[in-house]
Amino acid sequence: DDKRLQNVCVLGEALSRLGDPRDLSLLYDVPAGHYSMGGDMHPNSAPVHKVWLEAFRVAIYPVTVRDYAIFSEAECFGWESLSKDDPARQNHPATDLTWHDACAYCNWLTCRWHAEGQIESWQRVRLPMEREWEATARGGAGEVWPWGDTWAPDHANGCETGFNDTCAVGLFNEGASPLGCQDMAGNIWEWCTTLWGEDMVAPSYRFPWKNDGREVLDAS
């Protein structure tokens, strides 16, 4: 109900002010396999098909204001955000970022984790490809939403919550994906590497997925 949702929001702000002891940099190991892509709710998503993915690791939570601010300050990287100095929003997802901003953070985190021994020398941090993101959100069963095939308004920070704003990451545990990842519906939009094209209405690279240049990272 509305009161419970408001309590969730207040709890997130309190956690932020206390420094939020949760480890928000956790990674999940996604096993190799065939995963579903696409759906029948919109022409841009059709047709439904399967793709093969090698194993990879993915962040359980979106990158937070606190973590992105550490990068921004360490690298003197300009970041205009009303949240970065707000003690009640340090555990909110970082926003107001371009794709290039997100990639810069990934490159910096790669160097940091190499130095700390958190990843192997050949591994790197990057944004997920579209098919990796979708596999993480839908799981092996290919469900429509992270929690199943029916929309549940209390499982994500969407318009039904009435927040009209972001909230602390990981507050909607009922909405976790089958792989345990948080906020993959609601809260914020997330960047991937896969190209879309110049027309916002229709993608230049349509489904089914194929190796047709949509993963070229130096494209204009």
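The values are calculated or read from the model by the stated rules, or taken from the named source; none is laboratory data. Quick caveat: nothing in here was measured; it's all calculated off a predicted structure. Here Cβ is always computed from backbone atoms with ideal geometry, including for glycine, and neighbour counts include all displayed protein chains. Note: areas computed on protein heavy atoms with side chains; ligands, DNA, RNA excluded. Shrake-Rupley method; radii C 1.70, N 1.55, O 1.52, S 1.80 Å.
For this structure, a couple of remarks:
- A single entry from GLY142, GLY78 fulfils the requirement of being over 19 Å from the mean Cα position of the chain (by Cα), open to solvent by less than 90 Å² (accessible area, probe 1.4 Å) and modelled with pLDDT under 95: GLY78.
- Criterion applied to ASP199, ASP165 was being assigned to a loop (DSSP other than H, G, I, E, B) and farther than 23 Å from ALA46 by Cβ, and the one residue passing it is ASP165.
- For GLU174, the criteria (1) modelled with pLDDT under 95; (2) in a loop (DSSP other than H, G, I, E, B); (3) open to solvent by 50 Å² or more (accessible area, probe 1.4 Å); (4) not hydroxyl-bearing (Ser, Thr, Tyr) hold in every case but one, which is (2).
- Condition met for ALA88 (within 24 Å of VAL10 (Cα to Cα), in contact (Cβ under 8 Å) with a residue 40 or more places away in the chain and surrounded by fewer than 20 Cβ atoms within 10 Å (Cβ to Cβ)): yes
- Test result for ILE60, in contact with a strand residue (DSSP E or B) (Cβ under 6 Å, 6 or more places away or on another chain), open to solvent by 20 Å² or more (accessible area, probe 1.4 Å) and either modelled with pLDDT of 95 or more or of a type outside the set (S, T, N, Q) (or both): yes
- Of all residues in region 146-158, one or more are closer than 22 Å to ALA168 by Cβ, in contact with a helix residue (DSSP H, G or I) (Cβ under 8 Å, 6 or more places away or on another chain), open to solvent by less than 30 Å² (accessible area, probe 1.4 Å) and among the small types (Gly, Ala, Ser).
- Just one of the listed residues (LEU53, LEU26, LEU11) is open to solvent by less than 70 Å² (accessible area, probe 1.4 Å) and touching a residue at least 12 places away in the same chain (Cβ under 8 Å), and it is LEU53.
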